[in-house]
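**Student:** Quick one: the structure is below, questions incoming.
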Amino acid sequence: MIFLLVSGFISFSEAQPRETAFADGEKLTYVVSYKAALIPNTEVAEVVFKTSRARVEGVPTYRIYANAKTFAFFKWFFTLDDTYETWLDVETLRPVKFANDIRENKYRYYSSYQYDWDKMVVNTTYRKLRWPADRYKTMPLSPVSFDALALFYNLRSTDASTFQPGVGRTLEMVLDDTIRRIEYKFLGRETRKIAGLGTFRTLKFSCQLATSSGESFEDGSEFFLWISDDENKIPLYIESPIRVGSIRGKLERYEGLKYKLSSKIN
């Protein structure tokens with residue numbers, strides 16, 4: 001999903017106050033499409049991100065909500081309605097908790113995470129529809145072990161001057177019963193036209209998710225990401241090559257940005 005594709009290229013290691021690139025009331029809408037050699041670029045789903053304020057056990061947080069849903073025309077072929085939520089400490093942007101509800105055709109899957117930063121562990125609960133009971137796991141955290149949404153919103157609040165072209169970095173993504181590594185590289189600045197929105201100055205990255213064993217990036221999922229070269233650092237375009245064709249996501253609409261979208265040229 002697009003919120004997994006946009007989650008891989010930040011550097012943060014200390015629990016300290018951080019200036020955010022977003023504010024409550026922000027809404028980002030993306031369109032996901034599929035393209036292959038004999039198939040034109042076809043828009044198949046919409047992904048919406050919303051930011052609001054909430055309190056979790058007395059802690060002020062940003063509540064980040066994401067939902068991916070197939071367009072009505074394609075529901076006869078594949079029905080998708082996935083929801084992801086994370087709650088970030090307002091001061092440090094560390095995640096406090098996370099939950100998702102995956103509904104894809106007849107497949108159902110639910111998971112939730114509780115982060116304990118004092119003990120540096122995350123407690124996860126997850127369940128498939130046909131399982132007789134929930135499953136649980138406690139895993140050790142590092143300072144860069146976040147769920148996908150938390151990674152996404154932390155990356156946007158990272159100082160762009162710290163990005164060094166060609167230098168690889170590694171992060172960790174919490175995924176239910178495992179922690180997967182992400183390797184990323186800043187490839188440089190690039191001017192890119194986004195259909196329906198205009199032309200932007202962007203920061204381009206290559207990102208790669210390690211295999212499920214976590215031992216190798218050679219067979220992992222690779223994707224490319226362009227974000228706005230301004231204080232908002234909004235993902236504008238994502239492209240992930242697959243075995244046949246590619247999956248692409250582009251920003252369709254935006255509302256409630258904290259800063260002016262100064263990267264837009266025309």
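A short reminder: the numbers here are calculations on the coordinates, not readings from a lab. Treat the numbers as computed from the prediction; the structure is a model and nothing was measured. FYI the Cβ positions are ideal-geometry reconstructions off the backbone, even for glycines, and counts take in every protein chain you see.
**Student:** Using the C-alpha gyration tensor of the range 46-148, what are the square roots of 5 times its eigenvalues, in whole angstrom, with the largest one first?
**Tutor:** They are 27, 19, 10 Å, listed from largest to smallest.
**Student:** Taking a label point 7 Å from the Cα of Ser206 along the Cα→Cβ vector, which residues of the range 145-167 have an amide N closer than 19 Å to it?
**Tutor:** What the label zone holds, given the 19 Å backbone N cut-off, is 163-167.
**Student:** What net charge do the residues around Lys204 carry, taking every other residue with its C-beta under 13 Å from that of Lys204, with Lys and Arg at +1 and Asp and Glu at -1?
**Tutor:** Around Lys204, the surrounding residues sum to +2.
**Student:** Got a sec to turn the phi values of the range 146-156 into Karplus ³J(HN,Hα) couplings, 6.51 cos²θ - 1.76 cosθ + 1.60 with θ = phi - 60°, whole Hz, x for Gly and Pro?
**Tutor:** 10, 6, 4, 5, 5, 4, 3, 7, 6, 4, 5
**Student:** A further question on this structure: Taking amide H positions as placed in the peptide plane 1.01 Å from N, state which residues far from Leu236 in sequence (5 or more) or on other chains have amide H under 5 Å from it.
**Tutor:** The answer is Trp226, Ile227, Ser228.
**Student:** First measure r as the distance between the Cβ atoms of Ser142 and Ser262, then evaluate 1/(1 + (r/R0)^6) with R0 = 30 Å and state the FRET efficiency to the nearest 0.05. Please list the in-between numbers first.
**Tutor:** Details: r = 34 Å, r/R0 = 1.14.
Computed FRET efficiency for Ser142 and Ser262 comes out at 0.30.
**Student:** Which whole-Hz couplings ³J(HN,Hα) result when phi for each residue of the range 183-193 is put into the Karplus expression 6.51 cos²θ - 1.76 cosθ + 1.60, θ = phi - 60°, listed in order with x for Gly and Pro?
**Tutor:** Listing the rounded values in order: 10, 9, 9, 7, 8, x, 8, 8, 8, 9, 8 Hz.
**Student:** How much of the pair distance distribution for the range 123-218 lies past 20 Å, counting alpha-carbon pairs only, in percent?
**Tutor:** 52 percent
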